[in-house]
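Step one of this worksheet: look at the structure below.
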Amino acid sequence: RRHRVLLWGVLMAAWEAAWGQLRYSVPEEMPKGSFVGDVIKDLRLQLPALGDRSVHILDKGSTQYFALHGKTGHLVTAERIDREQLCRNVQQCVLRCELIVEGEMKFYEIEVEITDINDNAPTFKDTDLEQRISEMTAPESRFPLPRAHDADSGLNSLQSYELSGDEHFSLAVQTGPGGDQRPELVLEKPLDREEAAFHELVLRASDGGDPARTGTARIRVTVLDANDNAPVFSQAEYTVRVPEDVPVGSVLVTVTATDADEGLNGHVKYGFHKISERESELFHLDSDSGKITVKDDLDFEDISSHELEVQARDGWDLFDTTKVTIIVTDINDNAPKLTLSSAVSTISEDAPSGTTVALVHVQDSDSGANGEVRCTLDGVIPFRLENSQGSYYHVVTTRELDREQVSEYNVTVRAADGGSPPLQSSAVLALRIRVNVTDANDNTPMFSKSIYEARVAENLPPGSLVLRVRATDADAGTNGRVSYSFGNVPNDVRMLFTIDSESGDIRTTGPLDFEEKNKYSFSLEARDGGGLTAHGKVHVDIIDENDNAPEM
């Protein structure tokens, strides 16, 4: 059966992928690491090796239920999933997550339906019950019986009831407005307390699983003398609205029923008739006063509405039933949560305006205005936020960057919800993104002087320093590294002078003779690592020395 469900999930995913969204289904209680779907194949992605974390799964909830297999690219379960614990009171249990592709700045939505297996049997809150009925009760009278609870859904949930044990009674099952089954004990024959003071019955509840699971409760019927007035509630239904931060111990509502009888027959006791296991942990009903108090913290995000049934019984078990609806209202008790889904570490200064540097996800578990989140950037910086889809924002550049002015940015993204007043320290969160700007060769070298002049004596030995030229470049790295060379110069200059390409030192390579030539002018070139050049000029005057004797 599980293999058929998994095959159907794969076929559904292949169809959904064409629409940009994947849907899978997987039975609950599967072991950690179980196959869910081949998301890489279904999305037709051409991706690098998965081990470098460039592709990963982001769950929308606080718990990571799915993961991406590092070798196969399959979507697998990250832990065992209990549908009844995860999706209480929800017919269709769907978990949502996203596949983040960092290199492409893309994400894909994935929905996984958690299908039910028959891992829970119907159970009664009390397995030993007592029903007291007057011997004056007319045949065809009906008495509501406690309902069984089955945490499973669909056919695996509660399907039928059976009664056995005594010919005086039969079972009728009514269908409530919501489709729930309500068992009733039907009196078939008149009771005679003198003939039989007690009747022992067994109520059995069965689900629709294969094989079916069952739960039983024993019912003892005590035959009583007549009591001709039943309690009557002041209201057929009670509705109360309470904030989710109502203090434990607070009285939420008081139900009231009266009985026209006197003495024990008119003494009313209150009790819950229909209540789930979780609601029994949240609420307490005082059997004497009818006050319903809260005994544990309420949570709007967990359950926003509770429907209870309360019975009032007199001393001889005549009763009335009322419905109590407790509506939990939201308060701003959840701060926005920022997640950096993907970000670049460096960006070239000549990257065009609108280049994406980060993908940010924001979510707030509150509802209404309390869950509406507004994101902003701190300071005056060349970046802006673009709301891409739903709760995702792109951080993009607003212009080209200039590394020579600013080489690194710390971008702070803030999220604040729309509560009134909004949460401050706990709801306003900051996320810092470090952006390093890489250099582009956008600066040419510059000589410190446009013309260099030097005076040197004739007859200097080869290798003597004439002068040193210097050029600077505002770029970084190779783009800012300058080398020197002669420009277009006469041959006699190349024979008498040389320039060091790294230091800019100009030295002699041959003898200088004032009487032969007393002035040299030539051009220089400075070139950076990106090929940009600058030009300068050099004037060298030769100083005469007394190296010639008079001639007769």
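The values are calculated or read from the model by the stated rules, or taken from the named source; none is laboratory data. For clarity, every value in this text was computed on a predicted model and none was experimentally measured. Cβ coordinates were reconstructed from backbone atoms using ideal geometry, including for glycine residues, and neighbour counts include every protein chain displayed. The accessibility values were calculated without ligands, DNA or RNA, using every heavy atom of the protein model including side chains. Shrake-Rupley method; radii C 1.70, N 1.55, O 1.52, S 1.80 Å.
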Review point. Among Thr472, Thr533, Thr478, which is free of Cβ contacts under 8 Å to residues at least 40 places away in the same chain and under 25 Å from Ser348 (Cα atoms)?
Key: Thr472
Check your understanding: Among the strands (runs of 3 or more DSSP E) contained in segment 338-405, which hold 3 or more residues that are touching a residue at least 40 places away in the same chain (Cβ under 8 Å) and open to solvent by less than 40 Å² (accessible area, probe 1.4 Å)?
Key -> 356-363, 392-397
**Study point:** Residue among Leu282, Leu264, Leu252 that alone is at pLDDT below 90 and not aromatic (Phe, Trp, Tyr)
**Key:** Leu264
**Study point:** Criterion violated by Tyr520 - all others in (1) in contact (Cβ under 8 Å) with a residue 60 or more places away in the chain; (2) of a type outside the set (S, T, N, Q); (3) within 14 Å of Ile451 (Cβ to Cβ) satisfied
**Key:** (1)
**Study point:** The listed residue being at pLDDT below 75, surrounded by 18 or more Cβ atoms within 10 Å (Cβ to Cβ) and either touching a Lys or Arg at 6+ places or on another chain (Cβ under 9 Å) or not in a loop (DSSP other than H, G, I, E, B) (or both), out of Met12, Met30
**Key:** Met12
Revision key, fill the gap. In the set Ser485, Ser501, the lone residue that is assigned by the TED database to the domain that holds Ser450, without any contact (Cβ under 8 Å) to a residue 60 or more places away in the chain and in a strand (DSSP E or B) is Ser485
Exercise for review: Filter segment 248-277 down to the residues that are of a type in the set (S, T, N, Q) and open to solvent by 50 Å² or more (accessible area, probe 1.4 Å), then identify the one that is nearest to Asp302 (Cα to Cα).
Suggested key: Thr254
Check your understanding: Any chance segment 264-272 includes a residue that's in contact with a strand residue (DSSP E or B) (Cβ under 9 Å, 6 or more places away or on another chain) and either acidic (Asp, Glu) or more than 19 Å from Leu318 (Cβ to Cβ) (or both)?
Key -> no
Practice item. Residue by residue through segment 186-207, note down the ones that are of a type in the set (A, V, I, L, M) and either farther than 25 Å from Asp152 by Cα or open to solvent by 80 Å² or more (accessible area, probe 1.4 Å) (or both). Key: Val186, Leu187, Leu191, Ala196, Ala197, Leu201
Practice item. Select from segment 208-247 the residues that are among the β-branched types (Val, Ile, Thr) and open to solvent by 80 Å² or more (accessible area, probe 1.4 Å) and list them in ascending order. Key: Val232, Thr239
**Study point:** Elements of type strands (runs of 3 or more DSSP E) contained in segment 250-294, each with 3 or more residues being within 16 Å of Thr322 (Cα to Cα), under 48 Å from the mean Cα position of the chain (by Cα) and not hydrophobic (A, V, I, L, M, F, W, C)
**Key:** 269-274
Review point. So which of Leu7, Leu50 is over 24 Å from Asn120 (Cα atoms), of a type in the set (A, V, I, L, M, F, W, C), open to solvent by 40 Å² or more (accessible area, probe 1.4 Å) and modelled with pLDDT under 60?
Key: Leu7
Check your understanding: Given the structure, is Val538 β-branched (Val, Ile, Thr) and either under 30 Å from Thr355 (Cα atoms) or at pLDDT below 90 (or both)?
Key -> no
Review point. Can you tell me which residue in segment 476-509 is surrounded by the most Cβ atoms within 10 Å (Cβ to Cβ), limited to those that are under 60 Å from the mean Cα position of the chain (by Cα) and polar (S, T, N, Q)?
Key: Asn479
Study note, to complete from the structure: Result of the Cβ filter at 8 Å on segment 146-168, keeping first residues that are over 25 Å from Asp192 (Cα atoms) and partners that are among the β-branched types (Val, Ile, Thr) and open to solvent by 40 Å² or more (accessible area, probe 1.4 Å), at least 6 apart or interchain, is Ala148/Thr123; His149/Thr123; Asp150/Thr123; Ser160/Val173; Tyr161/Val173
Review point. Are any of the residues in segment 212-225 free of Cβ contacts under 8 Å to residues at least 24 places away in the same chain, of a type in the set (Asp, Glu), on the phi < 0 side of the Ramachandran plot and out of contact with any helix residue (DSSP H, G or I) (no Cβ under 6 Å at 6 or more places or on another chain)?
Key: no
